[in-house]
Amino acid sequence: MVSMEDFGSFETAWCPGCGNHSILKCVKEALVQMELEPHQCIFVSGIGQAAKSPHYLRTNVYNGLHGRALPAATGIKLANPQAVVIAQSGDGCNYGEGGNHFLAALRRNINVTLLAHDNQIYGLTKGQASPTTARGQKTKAQPAGNPSEAFNPVGVAVAMQAGMVARGFAGMQDHLTEMIVKAVQHPGFSLVDILQPCVSFNKVNTFAWYKERCYIPEDHDPQNWEQAMALSRQWDEGIPLGVIYQSHKPTFEESLPHPTGEPLFNNRPSIQKLNEVMSSFA
Amino acid sequence: MRRELNILIGGEAGQGLVTVGELLTRALIRSGYQVHVTQSYMSRIRGGHNTYAVRAGIENVHGPAQGIDILVALNSETLELHREELTPGAVALKDKNAQASDLEAVDIPFADLAGSALYENVVGLGVLSYILGLDREMPAGCIRSAFEQKKPEAVDKNLEVLDKAYAFASKSGVAGFNLDEPKGSAGLMLAGNQALALGALCAGANFCSYYPMTPSTGIPMTLNSYARDFGMVVEQAEDEIAAINMALGASYAGARSMVATSGGGFALMCEGVSLSGMTETPVVIVVGQRPGPATGLPTRTEQGDLNLVLYSGHGEFPRAVLAPADPGQCFVLARRAFDLAEKSQGPVFILTDQYLADSYRNVHLPDPEILEPVASPEVCGEVQEEYERYAFTPSGVSPRIIPAMSRCLVVLDSDEHTPDGHITEDLQVRKKMVDKRLKKGDILKQEVILPAYTGPQNPKDLLVCWGSTRGPALEAREIMGSENTAVLHFSQVWPLDAEHFRDYLQRAQRVVFVESNATAQFAQLVSSMVQPANMAYVLRYDGLPLDGQYIADNIL
Ligand SMILES: Cc1ncc(C[n+]2csc(CCOP(=O)(O)OP(=O)(O)O)c2C)c(N)n1
Ligand code: SF4
């Protein structure tokens, strides 16, 4: 039996009241519910406040570069399809610096889960606009208001008919835990965009602001792409949470020419095959 | 009878000159000749002026040579562009329809003999093989091996055309250029890129991520064709940044992993190089050089990225840079690169260039059975509660365990970290970690490949070169006089130990640095360690490879 304690408890570098604390708890809770043991999971992150999360879990950790969690996670999953690979980083990391990788991950449909802590601001670098900051929102770096349109990760992922697209909120822990479980269990790429209040730098999107707007739509069929598209465009008038879209298509790993499912570590070249290949150049 | 010959096939891209060239090269290699192929092409898929130069000899031919003994012109432009290069007694062959002003050239009715455009290159192959005095069975065998698997129905038709070409050539009265009996034995026909891919396979490489860029694309393309048999993953990433991060992720998770790119793509990878240094994750990085800056001359050659590779990645960490001289070394050094990457747990580079990437030779490879196994990480079966990925050890190398293969937890971090891999801002730990990482440089120093010296003890001129310029330098030595010229070649350009070359540089009256770049990057590096009394340079940076005569003629 796996318990919360198995995943350790660490002192964090996060501000008191930050949404990251509850997300961390939900992640642990989800792992326990799935009875995953620490050594079976590999958490991959980039750089930022959210990206520190894996350091506060007793598990395998690959804390790489800003924006590069997804390519690293892809390499890890390809090298060991048996490991549970979870990428966990902020909105700046995933949708800004790592934007191209996000698009590629949606296309690849590799069996990796992305937990994107979406606080609509840059936390670690102290409050600049992030790709998901609302147009017009004032920040220290954009004193006249953010001039760019907010990126809609859920909308883009649904548009791409990605494996599984969900939204959770750090202030609704049971629901978030359920989303994380579903995402990890989904075979293929899964995104959980997690609304995460940053109490220090985002004075607009607070716990109260989200609470007022977040709702769980009734009778939504995540297989229905048109409905999902419509939901993914809702925001100010109400922010839908839950599994917005889910598709069942072959994963990237399954589509490889030789989906052995075995860790590459166990592959040693056969001398006979080497000789055959070499002699084909005679 | 001739000891060696230079054959140049020229035409537009899309005219099949590469097929003629490759089939001819294979026939020569199978006959036991030494060959040296220089491919020159323009950055376009159709049209343009491309050449495929085959130099064949009864003994070692080290590099490209000037002068053309047999010119095969698939269009009139080729005749005009290369007529000045014809040697006395040379023969020019041209398509019947190509215009040839006042140049005497043998007309070949390519279309009539072939019957279909598809087979025109076999006409070229047949006529050339006849002129070189190759038994018809040689080109015939090459045709069979080329088509038997892929297009068995094409074999007979090709052989028919080959016979017509032989019959035509024998009646045409064209002079024969029979080569002497070869002194060597038939090896494999390998270009740099292919040999490098085979070396990687032989090292157990099973992960390659890349984003296409000339001239390195041939490496993943070659690997691709064996991926299934070797259980290898070859992934075309969304960009070079993704490619190196994927390779590092895969390496962390236990794959033997590599990337292949060129200077422009490598510029994007530099952040990942630094990550490899910080996280102590092995990775092999192949940089096939081509002229820059920026997109430069996409299909030409240069050795202009030495400094980029030497100093790539921010921060301080050890690295090794290997620079193979020829396809044979591409194989051996590719294998070595994986071994060094694992032993030092960090990035190891292989610097090639377009000239080497595309140059075919008659190569004898070592038997994989007798090669030392490549170093491997540990996988631990038992629970090691206290496992520390970055444990301090006397060598600086910490036991590397693969995550998710046992109950050990493996924590890796791009931030400065404690021995157990967690972020730290403890400045004492920081200092210890820097020392630990740099300590691994000693392993690379111990394993460094010594520079190879050829020539008399106290030469008048010492030609110093690295990477693919060895062949041309050795030829220059013959031209300049082997009794007073020596060559010092580096197959590894970093790390360097002055002890290994100080004497050579000081014993020569003059040290001539030979490089395919404009600023003598290697000369700067070497002379910062040992300053020779008298320095000269041969630097070529017009996009074409160096050759022996060019070096001899251009010592500044
Ligand atoms: C290549 C690179 N560019 C910039 C930075 C500086 N940087 C660190 S975190 C960060 C933004 C993080 O924002 P986000 O991903 O939203 O995470 P948060 O801190 O809000 O959780 C930036 C720009 C960096 N570390 N690396
Ligand atoms: S700065 Fe914002 S995101 Fe970072 S820990 Fe504080 S509240 Fe959380």
Self-check item: Charge context of B:A73, other residues only, Cβ under 10 angstrom, K/R +1, D/E -1
Solution: -1
Quiz item: Pick from A:N20, A:N109, A:N100: which is most flexible by mean-square fluctuation in a GNM of chain A where alpha carbon atoms under 10 Å apart are linked?
Solution: A:N100
Practice problem: Assign one of three labels to region B:189-370, namely rounded, prolate or oblate, based on the Cα gyration tensor with a ≥ b ≥ c the square roots of its eigenvalues; rounded applies when a/c is under 1.5, prolate when it is not and a/b is larger than b/c, and oblate otherwise. | Solution: rounded
Practice problem: Just report the Cα centroid separation between region B:1-56 and region A:16-69, whole Å. | Solution: 56
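Within 10 Å, count the other beta carbons around each residue, average over each peptide in B:154-161, B:515-522, and list them highest first. If you can, show how the numbers build up before the last one.
Numbers: B:154-161: 17.4, B:515-522: 20.8.
So the peptides B:154-161, B:515-522, ranked by packing, come out B:515-522, B:154-161.
What are the GluC sites (Glu not before Pro) within region A:237-273 that DSSP puts in a loop, where the Cβ has at most 11 other Cβ atoms within 10 Å?
Those satisfying the criteria are A:E237.
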Quiz item: Cα centroids of region B:535-556 and region A:145-205: how far apart, whole angstrom?
Solution: 60
Self-check item: Rounded to whole Å, sorted largest first: equivalent-ellipsoid semi-axes of region B:452-554, Cα gyration tensor
Solution: 18, 17, 12
Quiz item: Would you list B:S491, B:S76, B:S528 from fewest to most Cβ contacts within 10 Å?
Solution: B:S528, B:S76, B:S491
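Which loop GluC sites (Glu not before Pro) in region B:462-499, with loop taken from DSSP, have no more than 14 other Cβ atoms within 10 angstrom of their Cβ?
The qualifying sites are B:E483.
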Quiz item: If one computes the Cα centroid of region B:127-147 and of region B:231-253, what distance in Å separates the two points?
Solution: 42
Quiz item: Is there a simple number for the mean count of other chain Cβ atoms within 10 Å of the Cβ of residues in B:401-409, and what is it?
Solution: 6
Quiz item: What pairs in B:K151/B:K183; B:K94/B:K150; B:K343/B:K432 have C-alpha atoms more than 32 Å from each other?
Solution: B:K151/B:K183
Self-check item: FRET efficiency estimate (nearest 0.05) - Cβ-Cβ, B:A294 to B:L427, R0 25 angstrom
Solution: 0.05
Quiz item: Just A:G171, A:G46, A:G145 to compare: in a GNM of chain A, with alpha carbon springs under 10 Å, which one fluctuates most?
Solution: A:G145
Practice problem: At 7 Å along the Cα-to-beta-carbon direction for both B:M221 and A:S255, put a label point, then send me their distance in nm to one decimal. | Solution: 2.3
Quiz prompt | Radius 12 Å from Cβ of A:D236, net charge of other residues (Lys, Arg +1; Asp, Glu -1) | solution = +1
Quiz item: Taking the highest mean first, how do the peptides A:111-117, B:305-311 order by number of other beta carbon atoms within 10 angstrom per residue?
Solution: A:111-117, B:305-311
Self-check item: Peptide B:226-236 - average C-beta neighbours from other chains (10 Å radius)
Solution: 6
Quiz prompt | Rel. contact order, % - alpha carbon contacts under 8 angstrom, at least six apart, region A:155-218 | solution = 32
Self-check item: For chain A: relative contact order, % (alpha-carbon pairs under 8 angstrom, 6 or more apart)
Solution: 18
Quiz item: If you count the DSSP beta bridges with both ends in region B:4-186, what percent of them are antiparallel, to the nearest 5?
Solution: 55
Quiz prompt | Peptides A:260-270, B:502-512, B:202-212 ordered by average Cβ neighbours within 10 Å, highest first | solution = B:202-212, B:502-512, A:260-270
Practice problem: Just rank A:M1, A:M164, B:M278, B:M529, fewest to most, by other beta-carbon atoms within 10 angstrom. | Solution: A:M1, B:M529, B:M278, A:M164
Quiz prompt | Antiparallel bridges, percent of DSSP beta bridges restricted to chain B (to nearest 5) | solution = 35
Quiz prompt | For the protein assembly as shown, share of DSSP beta bridges that run antiparallel, in % to the nearest 5 | solution = 30
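Please give the average number of partner chain Cβ atoms lying within 10 Å of the Cβ of each residue in A:37-44, rounded to a whole number.
That average works out to 4.
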Quiz item: Which angle between 0 and 90 degrees, to the nearest 10, do you get for helix B:218-230 versus the longest principal axis of chain B when only C-alpha atoms count?
Solution: 70
Self-check item: Among A:A87, A:A79, A:A51, residue whose mean-square fluctuation peaks in a GNM of chain A (springs only between Cα atoms under 10 Å)
Solution: A:A79
Self-check item: Ellipticity estimate at 222 nm from DSSP helix runs (n ≥ 4, -39,500 (n - 2.57)) divided over the protein assembly as shown, nearest 500
Solution: -10000 deg cm²/dmol
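Just so you know, all these numbers are worked out from the coordinates, no wet-lab data involved. Bear in mind the structure is a predicted one, so any value in this text is a computation, not a measurement. FYI the Cβ positions are ideal-geometry reconstructions off the backbone, even for glycines, and counts take in every protein chain you see.
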